[in-house]
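Presented below is the structure to which this report refers.
Every number in this text was worked out from the coordinates using simple rules, so none of it is lab data. Everything numeric here is computed off the predicted structure, so don't read it as measured data. Cβ coordinates were reconstructed from backbone atoms using ideal geometry, including for glycine residues, and neighbour counts include every protein chain displayed.
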Amino acid sequence: MELLTRHSSLKISTGPSGRAIAEPIESDLLDGLYQHLTMERQASAHYFAVSLWFAERELRGFSKFFRQECLNEHEHAEKFAEYLIARGQTVVLHDLPAPNQNWTSVEDIMKVSFQMESDVTTSLQQLYSVAERSSDVRTTVFLDPTVESQLSSEDEFAYLLGRVKFANNEPSALLIIDGELSKQV
């Protein structure tokens with residue numbers, strides 16, 4: 001009975017959603033997590049639009065590749081949302097601009113997509129730094145596998161950009177890459 005009485009007076013911190021939290025998230029880190037969540041959602045929308053662009057041009061390998069990337073980015077966004085909920089936060093979804101659907105070449109698409117992957121990597125590295133400065137070990141542990149996966153994705157896009165640049169917009173060379181992508185996905 002004494003144990004029950006002593007614990008009934010405990011004050012448990014809660015987040016904005018009313019969920020119990022063990023450790024609050026500093027505002028700079030929270031803002032960064034929200035911005036990164038938006039970035040992942042933007043990447044998903046971009047890759048979906050690119051997948052459609054390739055499908056319209058009968059480049060099914062490229063289309064499948066980018067559709068899978070769309071799903072991957074959506075999963076990343078989900079993981080960030082789930083992490084925010086686990087930390088007692090309300091998930092804020094910002095408006096997204098419509099993705100570009102007018103491209104002039106496969107190389108242009110690959111350049112923009114590689115830059116997007118590079119920007120996501122930079123965002124993750126900045127989040128990691130803010131988490132470390134805040135001594136928020138929970139967030140650094142959450143980010144560890146995400147950073148590793150992101151570096152792999154960036155490498156994959158660099159490789160594909162290199163192949164597309166080497167193809168120099170030659171249809172036969174692009175069809176070979178398209179066929180290889182069909183087999184991978």
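Quick grid of which residues meet (1) within 30 Å of Leu175 (Cβ to Cβ); (2) in contact (Cβ under 8 Å) with a residue 60 or more places away in the chain; (3) surrounded by 15 or more Cβ atoms within 10 Å (Cβ to Cβ):
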site	(1), (2), (3)
Ser44	yes, no, yes
Glu56	yes, no, no
Asn72	yes, yes, yes
Gly88	no, yes, yes
Gln101	yes, no, no
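Quick one: would you say Phe66 is of a type outside the set (Val, Ile, Thr), within 16 Å of Thr139 (Cβ to Cβ) and assigned to a helix (DSSP H, G or I)? Full working, then the answer.
Numbers: of a type outside the set (Val, Ile, Thr): yes; within 16 Å of Thr139 (Cβ to Cβ): no; assigned to a helix (DSSP H, G or I): yes.
Considered against the rule, which asks whether it is of a type outside the set (Val, Ile, Thr), within 16 Å of Thr139 (Cβ to Cβ) and assigned to a helix (DSSP H, G or I), Phe66 comes out as no.
Give all pairs with beta carbons closer than 9 Å in which a residue from the stretch 144-156 that is over 18 Å from Ala131 (Cα atoms) meets a residue that is among the small types (Gly, Ala, Ser) and surrounded by 11 or more Cβ atoms within 10 Å (Cβ to Cβ); count only pairs at least 6 apart in sequence or on separate chains.
Filtered contacts from the stretch 144-156: Glu154/Ser118.
Regarding the stretch 88-101, can at least one residue be identified that is under 28 Å from Ile21 (Cβ atoms), touching a Phe, Trp or Tyr at 6+ places or on another chain (Cβ under 7 Å) and among the aliphatic types (A, V, I, L, M)?
Yes, the conditions are met somewhere in the stretch 88-101.
Inspect all residues belonging to the stretch 133-146 and state whether any of them is in contact with a His (Cβ under 8 Å, 6 or more places away or on another chain) and among the hydrophobic types (A, V, I, L, M, F, W, C). Step through it out loud before you land on a result.
First pass over the stretch 133-146, keeping only residues in contact with a His (Cβ under 8 Å, 6 or more places away or on another chain): 146.
The next check asks that each one be among the hydrophobic types (A, V, I, L, M, F, W, C); those that pass are none.
No.
Identify the residue in the stretch 137-183 that is loosely packed, with under 13 Cβ neighbours inside 10 Å and within 21 Å of the chain's Cα centre (by Cα) and, among all such residues, is farthest from Glu117 (Cα to Cα).
Step by step, filter the stretch 137-183, then rank; the result is Val137.
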